[in-house]
Structure formats: C-alpha cells, structure tokens
Amino acid sequence: MSNITATDIANIIAEATGSTKKAAKDQVDLVFKTLVDQILAGGTVRISGFGTFTTPVRAGREGTNALTGQPLSIPAARTVRFKAAAGLKDAAKALPLEVADAE
C-alpha cells in the first residue's frame, strides 16, 4: 500500500465525476483549508463515518532530559487530536494483517 496525496485524491475525484483535474484539486484544497481553519480556530470538526478532530490542551508536566538526567519543565501546549469513527475502526480491524503491516 502506498501513501496518497491531496493531488491523488483530486485525480480520483476528477476521474469519478468527469470534472477537470484542476477543478477537483481546487475543491480538495478548499475542503482541507476549511478543515484546518476550523481546527485551528479551536472548533471540533466531526465527519460522519470518518472521525473527529479536536484541539485539546495538553497539561504542563515535569520531564527529564534524556542526555543529562536533569529535570525540566514541559509547558502546557495545544495539540491536534483525531479520533476515528467506530465504522472506520471496525473496517481497519477487518483488514488482513499483511495489508496493515505493509506501510
């Protein structure tokens, strides 16, 4: 199994819908831009059957410098989290292990 890019997705859409590759690429870019804008604005993006993107705050904590062994303070940070929908998880579980390990 290979990696897929936004351009690959646009090409698949163009072929399936009969639209031009440029029009499909513009639409794919707009979808991803909208998702990113909403996620970075702190919103929750829920795509039915796919999953949910959120931007929770990861609490600050104490850590240890692996090289020196000295304690250090890790500040709180906002991160992006994705939780796959149940249907997507179930479909992934049904895949043969050879396919999942190919990456």
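The values are calculated or read from the model by the stated rules, or taken from the named source; none is laboratory data. Since the model is a prediction, treat every value here as computed from it, not as a measurement. Positions of Cβ are backbone-derived with ideal geometry, glycine not excepted, and every protein chain shown enters the neighbour counts. Side chains included, ligands, DNA and RNA excluded: accessible areas come from the protein's heavy atoms. Shrake-Rupley method; radii C 1.70, N 1.55, O 1.52, S 1.80 Å.
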Matching residues in segment 43-96 - criterion: being in contact (Cβ under 8 Å) with a residue 24 or more places away in the chain and at positive phi: Gly49, Gly51
Single unsatisfied condition, Val36 versus (1) open to solvent by 80 Å² or more (accessible area, probe 1.4 Å); (2) assigned to a helix (DSSP H, G or I): (1)
Residue in segment 1-33 that is farthest from Phe82 (Cα to Cα), counting only those that are open to solvent by 70 Å² or more (accessible area, probe 1.4 Å) and among the hydrophobic types (A, V, I, L, M, F, W, C): Ala16
Some residue of segment 65-79 being under 15 Å from the mean Cα position of the chain (by Cα) and within 29 Å of Ile12 (Cβ to Cβ): no
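I'm trying to understand the selection: among the residues of segment 39-65, which are more than 18 Å from Lys83 (Cβ to Cβ) and not in a strand (DSSP E or B)? Break it down stepwise before answering.
So in segment 39-65, the residues more than 18 Å from Lys83 (Cβ to Cβ) come out as 41, 59-65.
Answer for segment 39-65, where residues must be more than 18 Å from Lys83 (Cβ to Cβ) and not in a strand (DSSP E or B): Ala41, Ala59, Gly60, Asn65.
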In segment 13-34, the residues that are β-branched (Val, Ile, Thr) and more than 27 Å from Phe53 (Cα to Cα): Thr17, Thr20
